[in-house]
Structure formats: structure tokens, C-alpha cells
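Asks: First the structure, then my questions, so here it is.
The values are calculated or read from the model by the stated rules, or taken from the named source; none is laboratory data. Source: prediction; values computed, not measured. Note: ideal-geometry Cβ built from the backbone for every residue, glycine included; neighbour counts use all protein chains shown.
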Amino acid sequence: MKTAVIYWSGTGNTEAMANAVAEGAGVDALTVSDFSGNIADFDAIAFGCPAMGAEVLEEDEFEPFFTGIESALSGKKVLLFGSYGWGDGEWMRNWADRVKAAGAALLGDEGYTANEAPTDDDLAKLKALGAELAGA
């Protein structure tokens, strides 16, 4: 199964989460600005983005990227993850709803969130989710 891990991180928290997912999946994590592939070529994709502003996806890079590939997610296995420092995770629930509406199979039926920096337990769970995503 061809797998990608694509993320945006401002403080390094979501980057740490992406690296754990990528380790479990056996692939490299790529920032959204470094990803040059075609989403259609992947069977399984992990997307990482923290909550920004009023609990939304990062608006300058990640949201335009995600909006551009959203229609290509149908039939794909998807994992969502990200960190937040306020609110109750509304951005992740909204994001999960978008992925399901696009026809993707969302791993765990919701995204994985960490409040602020991910703990060692969070990273271990994300590594396991990465392995599950890649079918390892």
C-alpha cells in the first residue's frame, strides 16, 4: 500500500506527531510545501495540521492544499492528526467530517489530537496508527 504523511507545523508539536506516524508507516514525513506527489497515487494518507485561530486548519498553506486535494480522497484510507492549545477540538471534528464527506475511510472515525506537545504515550499511539494506516 503506497502511503504518504503530509503535515504543517508551526511550533514543532504536529511535526513530532508526523514523525511518529511516518516511523510507524515506514515512510518519510513531508511538509505540505515539500509534498510534490499526486494524491491519486497513494492508497493511504496521513494529514497533520494544528488548530489555528478560531479552531480552523492553518489558512495560508495547509487549507488551500487540502481543499485542492479533498475531492481525490474518495476510497482512500486517511488518518488525521494535530495539536491544539485551546478550545475543545472542533477543528478536528470539522476536518474529520470533510474527509468522510469526500468518501475516504477515516482511520478511527476521527482524528488524533494532542493538547500542546504530544506525550510519549501520544507518540507511541501515533506510531501504531501509522503502522495500521500502512497495513504493516
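Asks: Name the pairs whose Cβ atoms lie under 7 Å apart, with the first residue in the stretch 116-136 and closer than 11 Å to MET1 by Cα, the second among the β-branched types (Val, Ile, Thr) and buried (at least 20 other Cβ atoms within 10 Å of the Cβ), and 6 or more positions between them or separate chains?
Replies: If the second residue must be among the β-branched types (Val, Ile, Thr) and buried (at least 20 other Cβ atoms within 10 Å of the Cβ), the pairs left are LEU133/THR3; ALA134/THR3.
Asks: Separate question: Would you mind stating whether ALA18 is modelled with pLDDT under 95, among the aliphatic types (A, V, I, L, M) and either surrounded by fewer than 23 Cβ atoms within 10 Å (Cβ to Cβ) or not in a strand (DSSP E or B) (or both)? Outline the logic, then answer.
Replies: Numbers: modelled with pLDDT under 95: no; among the aliphatic types (A, V, I, L, M): yes; either surrounded by fewer than 23 Cβ atoms within 10 Å (Cβ to Cβ) or not in a strand (DSSP E or B) (or both): yes.
Spelling it out, it is not the case that ALA18 is modelled with pLDDT under 95, among the aliphatic types (A, V, I, L, M) and either surrounded by fewer than 23 Cβ atoms within 10 Å (Cβ to Cβ) or not in a strand (DSSP E or B) (or both).
Asks: Scan (1) modelled with pLDDT of 95 or more; (2) more than 24 Å from ALA131 (Cβ to Cβ); (3) surrounded by fewer than 20 Cβ atoms within 10 Å (Cβ to Cβ) for the single condition PHE62 breaks and write down its number.
Replies: Unmet condition: (3).
Asks: A further question follows. Given (1) assigned to a helix (DSSP H, G or I); (2) of a type outside the set (Phe, Trp, Tyr); (3) touching a Phe, Trp or Tyr at 6+ places or on another chain (Cβ under 9 Å); (4) without any contact (Cβ under 8 Å) to a residue 40 or more places away in the chain, where does GLU70 come up short, assuming only one miss?
Replies: For GLU70, the exception is condition (3).
Asks: Find the residue count for the stretch 108-136, including only residues that are touching a helix residue (DSSP H, G or I) at 6+ places or on another chain (Cβ under 8 Å), at pLDDT 95 or above and in a helix (DSSP H, G or I).
Replies: Of the residues in the stretch 108-136, 12 are touching a helix residue (DSSP H, G or I) at 6+ places or on another chain (Cβ under 8 Å), at pLDDT 95 or above and in a helix (DSSP H, G or I).
Asks: Which of the residues belonging to the stretch 21-38 are in contact with a helix residue (DSSP H, G or I) (Cβ under 7 Å, 6 or more places away or on another chain), free of Cβ contacts under 8 Å to residues at least 60 places away in the same chain and either surrounded by fewer than 19 Cβ atoms within 10 Å (Cβ to Cβ) or part of a strand (DSSP E or B) (or both)?
Replies: Result: ASP28, ALA29.
Asks: Name every residue in the stretch 24-61 that is over 28 Å from ASP88 (Cα atoms) and of a type outside the set (Gly, Ala, Ser), in order of residue number.
Replies: If the condition is that a residue be over 28 Å from ASP88 (Cα atoms) and of a type outside the set (Gly, Ala, Ser), then VAL27, ASP28, ASP34, PHE35, ASN38, ILE39, ASP41, PHE42, ASP43 are the ones that fit.
Asks: Report, by residue number, each residue of the stretch 110-123 that is more than 9 Å from VAL21 (Cα to Cα) and of a type outside the set (D, E, K, R).
Replies: Initially, the stretch 110-123 is screened for residues more than 9 Å from VAL21 (Cα to Cα), giving 110-122.
GLY111, TYR112, THR113, ALA114, ASN115, ALA117, PRO118, THR119, listed by residue number.
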